[in-house]
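Novice: Below is one structure. I have some questions about it.
The values are calculated or read from the model by the stated rules, or taken from the named source; none is laboratory data. Everything quoted here is computed from the prediction, not taken from an experiment. Please note: Cβ atoms are built from the backbone with ideal geometry, for glycine as well, and neighbour counts cover all protein chains shown. Accessible surface is based on the protein model in full, side chains and every heavy atom, while ligands, DNA and RNA are left aside. Shrake-Rupley method; radii C 1.70, N 1.55, O 1.52, S 1.80 Å.
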Amino acid sequence: MSDSPATRADAARAHYDQAAASAPDFSLMNYGYCAPSDDSVVADGAPEVYCLRLYEHAVRDTVLNGRDVLEISCGRGGGAAFLAKTFGPRRYVGVDVSAENIRIATALHHAGNLEFGVGNAESLEFADASFDVAVNIEASHLYDDRKAFFDEVFRVLRPGGRFCYVDGCWKDDDCTADLAGAGFALLERRNITANVLEALRRDSPRREAIVDAMPAEMREQYRDWSGVVGYRAFSRFESGETLYFSHLLERPRG
Ligand SMILES: C[S@@+](CC[C@H](N)C(=O)[O-])C[C@H]1O[C@@H](n2cnc3c(N)ncnc32)[C@H](O)[C@@H]1O
């Protein structure tokens, strides 16, 4: 019998559960966003500043105040806590396939409008048309079936609801046909690879220090994944082999 994970969701769960034990001291796990003239509510020098600015960028021009928001793949909840506190949604629900991520999120972040739970992006345990906004940050590349995920987001959004979706991808992987196939109207699609690369350049020493504190046998692999300058994830964005996009989408009313 093989011990290898049966699905990508199993692999993600195992990976992030292990990372939670080996590197517990941060609450965001994305590559970040940096704009030349950042008009940001996140202060320069704030902990995990660029990771928070990716969340801020993702929800640009989207009203969260008083709304019901679902974040799929919330990780350790740092972005959820930031959006729930800063933009005043009525209810902000974060779900993630890793129970360890949800344990950390629940322990770290407390607010009356914020809740976390374990859940799979491809089979969301929420009623049809139960949220106004869906947020998804740097996670869909890990899913088994991205189309199933888009269908699920469409289903749980109310008509007129917003989908704020950012992720990296291979350069020839254009997700826009699948988004349209699920029924979404594309309001905006931006290539933000240069913003992500600049964030990684500025954040690399912090990322390297996190990796250096991990068990020796894990360091090489995590340098590749975590976006440290000169290692695999960074080099792929730098060479154009991979790109990073942000999308604003809407479930049409009609
Ligand atoms: C790179 S992390 C990003 C986490 C968070 N959005 C952030 O920016 O800090 C990717 C996340 O996707 C989650 N994930 C992977 N596959 C998933 C699935 N099928 N359903 C739900 N979450 C999943 C992982 O557990 C992990 O927390």
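Novice: Among the residues of the stretch 104-126, which ones are assigned to a helix (DSSP H, G or I), among the hydrophobic types (A, V, I, L, M, F, W, C) and either open to solvent by less than 30 Å² (accessible area, probe 1.4 Å) or in contact (Cβ under 8 Å) with a residue 24 or more places away in the chain (or both)?
Specialist: Of everything in the stretch 104-126, those that are assigned to a helix (DSSP H, G or I), among the hydrophobic types (A, V, I, L, M, F, W, C) and either open to solvent by less than 30 Å² (accessible area, probe 1.4 Å) or in contact (Cβ under 8 Å) with a residue 24 or more places away in the chain (or both) turn out to be 104, 105, 108.
Novice: I want to confirm something. Restricting to the stretch 145-160 and keeping residues that are more than 9 Å from the ligand (Cβ to nearest atom) and surrounded by 24 or more Cβ atoms within 10 Å (Cβ to Cβ), which single residue is farthest from the chain's Cα centre (by Cα)?
Specialist: 157
Novice: Could we say that residue 168 is small (Gly, Ala, Ser), within 16 Å of the ligand (Cβ to nearest atom) and modelled with pLDDT of 95 or more here?
Specialist: Spelling it out, residue 168 is indeed small (Gly, Ala, Ser), within 16 Å of the ligand (Cβ to nearest atom) and modelled with pLDDT of 95 or more.
Novice: What number goes with the only condition from (1) open to solvent by less than 50 Å² (accessible area, probe 1.4 Å); (2) more than 11 Å from the ligand (Cβ to nearest atom) that residue 28 does not pass?
Specialist: (2)
Novice: What pairs can you find where one residue is in the stretch 13-33 and of a type in the set (Asp, Glu), the other is in a loop (DSSP other than H, G, I, E, B) and at pLDDT 85 or above, and their Cβ atoms are less than 6 Å apart, with a gap of 6+ or different chains?
Specialist: 17/98
Novice: Looking only at the stretch 86-103, count every residue that is surrounded by fewer than 22 Cβ atoms within 10 Å (Cβ to Cβ), out of contact with any strand residue (DSSP E or B) (no Cβ under 8 Å at 6 or more places or on another chain) and in a helix (DSSP H, G or I) and tell me the total.
Specialist: 3
Novice: Here are some residues: 194, 177, 199, 216. Which one is within 30 Å of residue 126 (Cβ to Cβ) and not charged (D, E, K, R)?
Specialist: Matching residue, one of 194, 177, 199, 216: 177.
Novice: Further question on the same structure: How about the stretch 98-137: which of its residues are farther than 27 Å from residue 160 by Cα, within 13 Å of the ligand (Cβ to nearest atom) and either more than 17 Å from the chain's Cα centre (by Cα) or not acidic (Asp, Glu) (or both)?
Specialist: Of everything in the stretch 98-137, those that are farther than 27 Å from residue 160 by Cα, within 13 Å of the ligand (Cβ to nearest atom) and either more than 17 Å from the chain's Cα centre (by Cα) or not acidic (Asp, Glu) (or both) turn out to be 98, 99, 101, 102, 103, 104, 105, 108, 109.
Novice: Next question. For the condition more than 15 Å from residue 58 (Cα to Cα) and open to solvent by 80 Å² or more (accessible area, probe 1.4 Å), what is the one hit in 235, 204, 226, 239?
Specialist: So the residue among 235, 204, 226, 239 that is more than 15 Å from residue 58 (Cα to Cα) and open to solvent by 80 Å² or more (accessible area, probe 1.4 Å) is 239.
Novice: Considering the stretch 127-144 alone, what residues qualify as being out of contact with any Lys or Arg (no Cβ under 8 Å at 6 or more places or on another chain) and surrounded by 16 or more Cβ atoms within 10 Å (Cβ to Cβ)?
Specialist: Scanning the stretch 127-144 gives 135, 136, 137, 138, 139.
Novice: If I filter the stretch 136-194 down to residues being among the small types (Gly, Ala, Ser) and in contact with a Pro (Cβ under 9 Å, 6 or more places away or on another chain), which single residue comes out as farthest from residue 241 (Cα to Cα)?
Specialist: 160
Novice: Can you tell me which residues in the stretch 171-184 are in contact with a helix residue (DSSP H, G or I) (Cβ under 9 Å, 6 or more places away or on another chain) and either open to solvent by less than 20 Å² (accessible area, probe 1.4 Å) or not in a loop (DSSP other than H, G, I, E, B) (or both)?
Specialist: 175, 178, 179, 181, 182, 184
Novice: If you go through the stretch 224-247 one residue at a time, how many are over 24 Å from residue 136 (Cα atoms) and assigned to a strand (DSSP E or B)?
Specialist: Number satisfying all stated conditions: 0.
Novice: Determine whether the stretch 107-117 contains at least one residue that is acidic (Asp, Glu) and in contact with a helix residue (DSSP H, G or I) (Cβ under 8 Å, 6 or more places away or on another chain).
Specialist: Looking for residues that are acidic (Asp, Glu) and in contact with a helix residue (DSSP H, G or I) (Cβ under 8 Å, 6 or more places away or on another chain), one finds none in the stretch 107-117, hence no.
Novice: Okay, moving on. Which ones in the stretch 207-223 are open to solvent by less than 50 Å² (accessible area, probe 1.4 Å) and assigned to a helix (DSSP H, G or I)?
Specialist: Within the stretch 207-223, 207, 210, 211, 218, 222, 223 meet the criteria.
Novice: Checking the structure you have, find out if any residue of the stretch 134-144 is among the aliphatic types (A, V, I, L, M) and within 15 Å of residue 68 (Cα to Cα).
Specialist: For the stretch 134-144, residues among the aliphatic types (A, V, I, L, M) and within 15 Å of residue 68 (Cα to Cα): present.
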